[in-house]
1. Checking the conditions here, which among V200, V143, V151 is more than 14 Å from the chain's Cα centre (by Cα), β-branched (V, I, T) and not assigned by TED's automatic domain parsing to the domain that holds S63?
2. Of all residues in segment 96-113, which are under 29 Å from T241 (Cα atoms) and without any contact (Cβ under 8 Å) to a residue 40 or more places away in the chain?
3. Can you tell me which of Y215, Y255, Y186 is in a helix (DSSP H, G or I), within 24 Å of the chain's Cα centre (by Cα) and surrounded by 13 or more Cβ atoms within 10 Å (Cβ to Cβ)?
4. Could you give every pair whose Cβ atoms fall below 7 Å, whose first residue belongs to segment 1-24 and is at negative phi, and whose second residue is at pLDDT below 75 and assigned to a helix (DSSP H, G or I), counting only separations of at least 6 or pairs across chains?
5. What about D202, is it over 27 Å from A131 (Cα atoms) and outside any strand (DSSP E or B)?
6. If the requirement is being assigned to a helix (DSSP H, G or I), among the small types (G, A, S) and surrounded by fewer than 20 Cβ atoms within 10 Å (Cβ to Cβ), which of these qualifies: S137, S124?
7. Out of curiosity, is L169 surrounded by fewer than 20 Cβ atoms within 10 Å (Cβ to Cβ), within 30 Å of A265 (Cβ to Cβ) and touching a strand residue (DSSP E or B) at 6+ places or on another chain (Cβ under 7 Å)?
8. Have a look at L226, L260 and point out the one that is under 30 Å from V145 (Cβ atoms), at pLDDT 95 or above and assigned by TED's automatic domain parsing to the domain that holds V145.
Amino acid sequence: MQDELLWAAAWLHMATAATSQAGNSSDVYLSYIYSNGHNLGAEQDDFTFSWDDKRVGTKVLLSKAFLQGIGKGKSDDALRLYKAHADTYVCSLVPGAAGFQQSQFTPGGLLFQEGDSNMQYVTSTAFLLLAYANSLSSAGGGVQVSCGGGVVPASALVAVAKRQVDYILGANPARMSYMVGFGARYPRHVHHRGASMPSVRDHPARIACDEGFRYLHSADPDANVLVGAVVGGPDGSDAFTDSRDNFAQTEPSTYTNAPLVGALAFFAAGRHR
């Protein structure tokens, strides 16, 4: 809950900053962040962004506010802390960068943080990297990520994110696209009722709730192709078992797909650097 309060305050500040004058509502949210950030996790380094932990996302968002100030020649030093923590997060992801810890990647190059639905962390991380890269570039003046005694340019963040997106779409050891319906080879046994159960048109008779298990455990391919759904993905060794019973790898989710939309939009716009 604490991360949610910081996350909400950051968004409310960003939403009102462009339309309010000094001393108005925008300052209320910043004041809340300044006063409560310590208790809400602002000073804690965190390396996972998910539906259940928004701390890293908040730091990237408040780094944007700090960098926008730099671009306008009036940086808010009170927000500098958030850029420092955002930098630490990035340093753990860029190969060769000096960070407090290095993230784990599979032999094929996929970010790996957890066995259950690992792809949710991949898509959210790619999105955050691109959002931060965009903020760095927009600030101008060669603003970069500080990693120990060195620096990392925005282009390095884009490169890491692109590698993750490419992996999802098929550039991986298995040559498997983990987005259903994309490419020649993708999961055919998705852990999703709408995919595995027949449509009313094909099966007009009522299917009782517990009768759905025979479709769950069936070895037949999905009756309906759930186009665009991104599944949980492979394990730490790039191995993937296409089975509905293997929900950790074959279950799609909105919190996996949503960040990927932003990442794909970035690359679709031709912003590769």
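The values are calculated or read from the model by the stated rules, or taken from the named source; none is laboratory data. Computed from a prediction, not measured in an experiment: that's the story for all the values here. We place every Cβ from the backbone using ideal geometry, glycine too, and count neighbours over all the protein chains shown.
1. So the residue among V200, V143, V151 that is more than 14 Å from the chain's Cα centre (by Cα), β-branched (V, I, T) and not assigned by TED's automatic domain parsing to the domain that holds S63 is V200.
2. Q102, F105
3. Within the list Y215, Y255, Y186, the selection yields Y255.
4. H13/S26; T16/S25; T16/S26; A17/S26; S20/S26
5. Judged against the criteria, D202 is a match.
6. S137
7. yes
8. L260
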